[in-house]
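Throughout, read-outs are computed from the coordinates displayed, never taken from laboratory work. As the structure is a prediction and not an experimental result, all values here were calculated from the model. Note that each Cβ is placed from the backbone with ideal geometry, even for glycine, and that neighbours are counted across all protein chains shown.
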Amino acid sequence: MRPEPGQVLHFSEDPTIRSFVPHVAATAQQPEAYVWAVDALHSPSYWFPRQCPRGMAWVTSYTTEEDRVRVLGPGGGERVHAVEYGWLEAIRTVELYAYRFDAADFHPFGLYAHAFVSEHEVRPLGPAEPVGDLLELHAAAGIQLRVLPSLWTFWDAVTASSLGFSGIRLRNAGPRSAVSRNE
């Protein structure tokens, strides 16, 4: 599930939203109120239940071959997403929806334009669309989906590598003390 050209998406577990009003998210690091959306490149980062902690890594032009093999594995493709076992059932069963918006109502946010924001109320182009099977979306996109006892060993390896990376809802991950010595 990705936006068409000229569109951005907002993912939600609520299929009944008619209008999106800018707000300051509880986890916001900036005081401005926004409506948030993502483009086609960043959509896979949101193919998860909203509260699911996940670490993601991908190959960039700066990625070394050593880091690529160490983190992604031989023949590991271009991208990997990692979650904890405790979230697997929610990933299998969540009913996730995508709202399509006209990209003209949004502008890039952040140094790396990882998201798009609007400072005014926006209405979706149509009703919410079911996203479908999240595991199948990952498979069809060629994205590795790793299920781990803890995210922290993966996250530490990724953040110390030359790969591009992003972490979402990491505050919901198990505690670092739960990291197994055998992981």
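Spin-label model, GLU78/LEU41: points 7 Å from Cα along the beta carbon direction are separated by 1.1 nm. Quick check: from the Cα gyration tensor, does the chain come out rounded (a/c under 1.5), prolate or oblate? Prolate is the answer for the chain, as a/c is 1.5 or above and a/b outweighs b/c. Relative contact order for region 7-172: 37 percent, from Cα pairs under 8 Å spaced at least 6 residues apart, divided by residue count.
For region 27-90, GluC sites (Glu not before Pro) are listed when DSSP marks them as loop and at most 12 other Cβ atoms sit within 10 Å of their Cβ; the list is GLU32.
Could you compute the FRET efficiency for VAL147 and ARG169, with r as their C-beta to C-beta distance and R0 at 22 Å, rounded to 0.05?
With a Förster radius of 22 Å, E is 0.90.
The HN-Hα couplings worked out from phi for region 134-147 by the Karplus form 6.51 cos²θ - 1.76 cosθ + 1.60 (θ = phi - 60°) are 5, 5, 5, 4, 4, 4, 5, 7, x, 9, 5, 10, 9, 10 Hz, whole numbers, x standing for Gly and Pro. Note that region 80-95 has calculated 3J(HN,Hα) couplings of 9, 10, 10, 9, 8, 3, x, 9, 4, 4, 5, 5, 5, 10, 4, 9 Hz, one per residue in order, obtained from phi through the Karplus relation 6.51 cos²θ - 1.76 cosθ + 1.60 (θ = phi - 60°); glycine and proline are x. Multiplying the residue separation of ALA25 and ARG176 by 0.36 nm and removing their Cα-Cα distance gives an extension gain of 51.8 nm. Helical runs (DSSP H, four residues minimum) scored at -39500 (n - 2.57) apiece and divided by the length of the chain put the mean residue ellipticity at 222 nm at -3000 deg cm²/dmol.
Applying the criteria of a DSSP loop state and at most 11 other Cβ atoms within 10 Å to the chymotrypsin sites (Phe, Trp or Tyr not before Pro) of region 87-133 yields TYR112. By other beta-carbon atoms within 10 Å, ranking THR63, THR16 with the fewest at the front produces THR16, THR63. Here TYR85 and SER61 are evaluated by their C-beta separation; at R0 = 30 Å the FRET efficiency comes out at 0.35.
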